[in-house]
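Peer 1: The structure that follows is given in the form of structure tokens.
Any read-out appearing in this document is the output of simple, stated calculations on the displayed coordinates, not a laboratory observation. All values derive from a computational prediction rather than experimental measurement. Methodologically, a virtual Cβ is constructed for each residue, glycine included, from the backbone with ideal geometry; neighbour enumeration extends over all protein chains shown.
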Amino acid sequence: MQVVALTVVLAVTAVASVAVAGPSAASPPDTWPDSNAMSPLNALLLFGGGVLAAVLVITVLAMAPSTAKVQRHRPGRDWETESLWFGGPNSELVAQPAAGSHPALESSSARTGTAAIGQTVEGGGAGARW
Amino acid sequence: VAQVPGGELLTSDQRQSIDRARTEASAASGLDFHVYVGGSGGEDPRAAAHRLLSTLPRAENAVLVFLDPAARALEIVTGSTAHRRLDDGACSLAALSMQAAFAAGDLAGGLVHGVHQLGDHAQQPASLHTGTP
């Protein structure tokens with residue numbers, strides 16, 4: 001019941017405010033410069049064109065990264081590039097003795113030194129296919 | 001098909017993180033970690049991985065993660081010294097987790113995590129009290 005009453009009051013207020021409203025009684029002061037009225041076309045360009053331009057700029061900015069995205073490799077497709085090495089035959093050795101390890105323990109592995117290329121060095125490993 | 005420069009299929013960020021993982025694993029374990037991404041040149045991937053391992057400096061102390069994306073092949077090969085610290089079971093575990101990432105299309109993530117996993121496993125426990133009499 002209260003809801004209906006509230007709705008009626010709001011509706012009456014809204015209708016009355018529009019129906020009763022008249023032109024503004026006050027006229028602009030005489031000291032104001034008399035500027036030319038803006039034509040509807042100018043107004044449309046000013047208020048609509050700016051918004052459209054902003055929308056356009058934002059859209060382009062949002063879509064640019066995905067169109068410029070680099071081609072990604074999909075597994076199974078040919079690897080059409082030269083191979084990539086991380087480390088590799090020409091790298092400087094990267095392994096540092098682990099922190100806190102004892103020098104005497106390291107020397108035993110250091111003494112085995114460099115193996116001649118082609119010598120059997122394989123210890124083991126594992127493989128996987130997918 | 002036009003040749004694409006090698007870096008374009010892995011972004012430079014991805015390549016940096018792979019290289020960082022390799023360096024960190026090497027520093028933590030004292031082994032030399034190497035990662036190869038590329039073709040096997042018509043060879044069996046396992047044979048190609050072993051051949052590449054033997055071309056590495058200090059090959060007996062090296063761990064090579066060999067990835068041929070076109071053949072969907074992953075091989076982890078260890079040198080004879082490295083094998084003592086990183087047994088085949090640990091390599092299989094790392095290969096399994098990398099395989100899962102590769103199957104989901106994530107080459108770089110699989111490599112980074114796999115190399116970290118290998119490095120963690122080969123990590124030497126800090127020896128206590130060896131410096132004091």
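Peer 1: Which number in (1) in contact with a strand residue (DSSP E or B) (Cβ under 7 Å, 6 or more places away or on another chain); (2) facing another protein chain (nearest Cβ under 7 Å); (3) farther than 13 Å from residue A:127 by Cα; (4) of a type in the set (A, V, I, L, M) marks the one condition that residue B:95 misses?
Peer 2: Here residue B:95 meets the rest and fails (3).
Peer 1: Report the residue count in segment B:83-92 for those that are facing chain A (nearest Cβ under 7 Å) and closer than 12 Å to residue B:65 by Cβ.
Peer 2: 1
Peer 1: I've got another one for you. I'm told residue B:40 meets every condition in (1) among the hydroxyl-bearing types (Ser, Thr, Tyr); (2) closer than 18 Å to residue A:85 by Cα; (3) in a helix (DSSP H, G or I) except one. Can you identify the failing condition by its number?
Peer 2: Among (1) among the hydroxyl-bearing types (Ser, Thr, Tyr); (2) closer than 18 Å to residue A:85 by Cα; (3) in a helix (DSSP H, G or I), the lone unmet condition for residue B:40 is (3).
Peer 1: Further question: Do we find that residue B:53 is within 13 Å of the chain's Cα centre (by Cα), at the interface with chain A (Cβ under 8 Å from one of its Cβ atoms) and surrounded by 24 or more Cβ atoms within 10 Å (Cβ to Cβ) in this structure?
Peer 2: Yes, satisfied.
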